[in-house]
Amino acid sequence: MTSNDVRDILELHSKHLNSTDNLTPSKKANKPEKEKKPDGIPRELFQLIGGPPPIAFVKPAFKAKPNLRKKAVHWEWQSFTNQGRGEDDQLTLHHWVKCTPTSESEDSGYWFAEYNKKIDILKYDDEEYEKYLTDKDWTKEETDYLFKLCDNYDLRFTVIHDRYEYKERSMEDLKDRYYSVCKKLLQVRPPEGSDKGALIAMNTYDKAKEEKRKKHMCALYLRSPEEIKEEEALLEEYERIEQNEKKFAKERENLLKLLSFQELAQPKRKKSLLSGPTTPTMEVGNSNFHTSTEIPKKNRRTSASSVGSAVIEVAQSPAEVHNAPITARKEKFPQGVVVRSSKIPLPKQTMILKVQKTLQEFGLGPRPSIPTETVCARWVDLQKAIQTLLDVKKAVEKADHELKAKKVLLQKIKQNGLGSASKSANSGDAGGKQSDVTASVSGDGGGGDESSVVPTKRERITLTTTPRDAKRARK
Amino acid sequence: MSTKRTKGVTIVYPIVYGNTASLLPQKKVPDSDHTHKWTVTVKGINGQDLGHFIKKVTFKLHETYSNPQRVVEHPPFEITETGWGEFELSIKLQFIEGSEKPVTLYHNLRLHSYEDDGSISTSSKNKPVQSFQYDELVFTDPPETLYQVLTTQPIPTLPSKPSNSPYSLQAEQDELRKIDEAYRKVQEQMTLYKNRNDKITKELEEVKAELDRIKK
């Protein structure tokens, strides 16, 4: 709002009519009102919103009333000794102590002293040492030194290892020696009241395992973020494979069953060929695929014509028991009338199209054009065979894929040589205790190959990701 | 039911069903859009009547026809109509023995002649179009009446050579041969794939063993 607008509203006349003394103060008053408009927004918009608001500091109004009821507490400068320190030490220290009406003026002991716990480690005498505790690697002197340190530093092995000045020994060495000594002592000493077995168990120390574990921990700590990501992805894959493993195993089993069933079916048919010529008047088992069956068939036709041209089949004759699968098929028709072509079993929903396509390739339509009994029987067999073939095809392709993948894997490992492969295998294994987990899982049946895939895949990936890794592998 | 069934007996009666269709000469009734005249029949393979064991046949035509359910109670079991479109119709056969359930056959009415690949042949052939299907009615444990009828009257057998109908023993043999051929090929493929499978499983085991060794 300019001053002119204000004047308009207030119905003041133009300022030029006023005396000049008003000019300067009004001008000065005007200037601070004119804010410089920021560049980003149009003038009108700025005049509407008015720019950023002014910042206001508000002091907190609340002031707590000070608690001035009590009088000043009296404190006393007292001296004390720390019982936690050794007896020979007579260091006196001082500290301020609050004088309350209930406090004892004499110090009842430095109250932090009770926290100075001391571990009672086992002590052996020379006799016991000679009898049970000799070791080719450790002299008695060294063992005594070790035990003294253990006592001094309360079995804090990091400290002990640091202060150890006898020989060059690793921490695992020291621990190993200490715990084996303790274990031996416990074993040979007369049994005490408490559970000896538990004590012995507590004192068992597996040096190799500990060393390995620490190495793993270091490697785990030093993993790069890429390695961590890779490992997580692989774990996920592994879990998925585990879940689907059962499914795959079942499918494979079914296929094998199918295949073996097909083989079984074949010899059965051959048997019925023998029974064929001997039963000319009966419906011959249509189970064989040699043209020699045409003879018995013709017999059927002629005999049929002789029996008033009615094709009557009496079921369950003893000769036909051979052709069990075929008569069974006949008997499957329920009582009543049935149209033969409608009785052809259709393949599974998923397979229908594929089977039809295969039939097309052989020049056959979706249904037999002359559905007589023989034709229908053979048709059904053909359909079944096609289905099994398609299943086997699928399984073979799957197995093929698996094989190819594993071969590639193997090649890559071989390329990088067994040495670096084992090194990277360790670094891969050191990806946490996951390798232990996978190793233990591989105990059961089919999980073995999957678990072996996981670490080796890890190796393969780590080996080829960065040049640094490749260099490392090459070393 | 009181009708006894002849146990352990199966009687097979072959039939042929389908339609013929011929193009209508355009002059006659120009206002109707019917282009073809067709006849649907159900007969024995040599043109025999089925009246001795079939009581009536119900042809269910497309709903656009008036009275789509056409019942024929005496032979010949056929329907003649005119139309312009092809559709699937159902043929329900009911037997003289009421206790036997009726059977239904389905047939796709064919008006146009088709090339081998399924496209409509454009060349005008004046020969009537035929579309028939062979099938067999299998009577399992037929009741008395049917048994009597079917055993007294001769059941047609497939002629050995194709004459006026395409269905013959020879045709059956041809079909069987084709099927056997197909079966043989399938078996061949099967053995091939089985061998492949065996080879692959063997290789797979070897590779797995190697991987295990390296892992250790």
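The values are calculated or read from the model by the stated rules, or taken from the named source; none is laboratory data. In this text the structure is predicted, and so the values were computed from the model without any measurement. When we count neighbours, we look across all protein chains shown, and the Cβ atoms used for this are built from the backbone with ideal geometry, even at glycine.
Brief remarks follow.
So that you can scan it fast, the table gives a plain yes or no per residue for (1) under 30 Å from A:ARG85 (Cβ atoms); (2) surrounded by fewer than 14 Cβ atoms within 10 Å (Cβ to Cβ); (3) touching a Cys at 6+ places or on another chain (Cβ under 8 Å):
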site: A:LEU149; (1), (2), (3): yes, no, no
site: A:HIS161; (1), (2), (3): yes, no, no
site: A:LYS196; (1), (2), (3): no, no, no
site: A:ILE200; (1), (2), (3): no, no, no
site: A:ALA208; (1), (2), (3): no, yes, no
site: A:LEU234; (1), (2), (3): no, no, no
site: A:ARG240; (1), (2), (3): no, yes, no
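- Screening the range B:37-67 for residues that are among the hydrophobic types (A, V, I, L, M, F, W, C) and assigned to a loop (DSSP other than H, G, I, E, B) and picking the one that is farthest from B:SER168 (Cα to Cα) gives B:LEU61.
- Across the range B:162-216, the qualifying residues are those that are in contact with a strand residue (DSSP E or B) (Cβ under 9 Å, 6 or more places away or on another chain) and more than 7 Å from chain A (Cβ to nearest Cβ), and the one among them that is modelled with the highest pLDDT is B:PRO166.
- Tallying residues that are at the interface with chain B (Cβ under 7 Å from one of its Cβ atoms), farther than 22 Å from A:GLU253 by Cα and surrounded by fewer than 17 Cβ atoms within 10 Å (Cβ to Cβ) within the range A:381-416 yields 1.
- Only a single item in (1) closer than 30 Å to B:LYS7 by Cβ; (2) in a helix (DSSP H, G or I) is not met by B:ALA171, and it is number (1).
- Among the conditions (1) touching a residue at least 40 places away in the same chain (Cβ under 8 Å); (2) at the interface with chain B (Cβ under 10 Å from one of its Cβ atoms), the only one that A:PRO347 does not satisfy is (2).
- Those residues of the range B:65-86 which are surrounded by fewer than 14 Cβ atoms within 10 Å (Cβ to Cβ), touching a residue at least 12 places away in the same chain (Cβ under 8 Å) and either farther than 25 Å from B:HIS36 by Cα or out of contact with any Lys or Arg (no Cβ under 9 Å at 6 or more places or on another chain) (or both), in sequence order: B:GLU73, B:HIS74, B:TRP84, B:GLY85
- Unique residue being of a type in the set (Ser, Thr, Tyr), at pLDDT below 85 and more than 22 Å from B:PHE87 (Cα to Cα) when the list is B:THR35, B:THR3: B:THR3
- Residue check for A:ASN67: of a type outside the set (A, V, I, L, M) and over 30 Å from A:LEU199 (Cβ atoms): yes
- Filtering the range A:142-170 to residues that are within 19 Å of A:LYS123 (Cα to Cα), over 43 Å from the mean Cα position of the chain (by Cα) and hydroxyl-bearing (Ser, Thr, Tyr) leaves A:THR143, A:TYR145.
- Only one entry of A:ALA219, A:ALA208, A:ALA198 meets the criterion of being in a helix (DSSP H, G or I), closer than 24 Å to A:ASP176 by Cα and touching a residue at least 60 places away in the same chain (Cβ under 8 Å), and that entry is A:ALA219.
- Residue list for the range A:130-177, restricted to those being basic (Lys, Arg) and part of a loop (DSSP other than H, G, I, E, B): A:LYS136, A:ARG156, A:LYS167, A:ARG169
Yes/no matrix, rows are residues, columns are (1) modelled with pLDDT of 85 or more; (2) under 30 Å from A:CYS182 (Cα atoms):
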residue: A:LYS59; (1), (2): no, no
residue: A:LEU91; (1), (2): no, no
residue: A:TRP96; (1), (2): yes, no
residue: A:TYR115; (1), (2): no, yes
residue: A:LYS118; (1), (2): no, yes
residue: A:ASN152; (1), (2): yes, yes
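- Any hit, the range A:113-135, residues being exposed (fewer than 11 other Cβ atoms within 10 Å of the Cβ) and under 30 Å from A:HIS74 (Cβ atoms): yes
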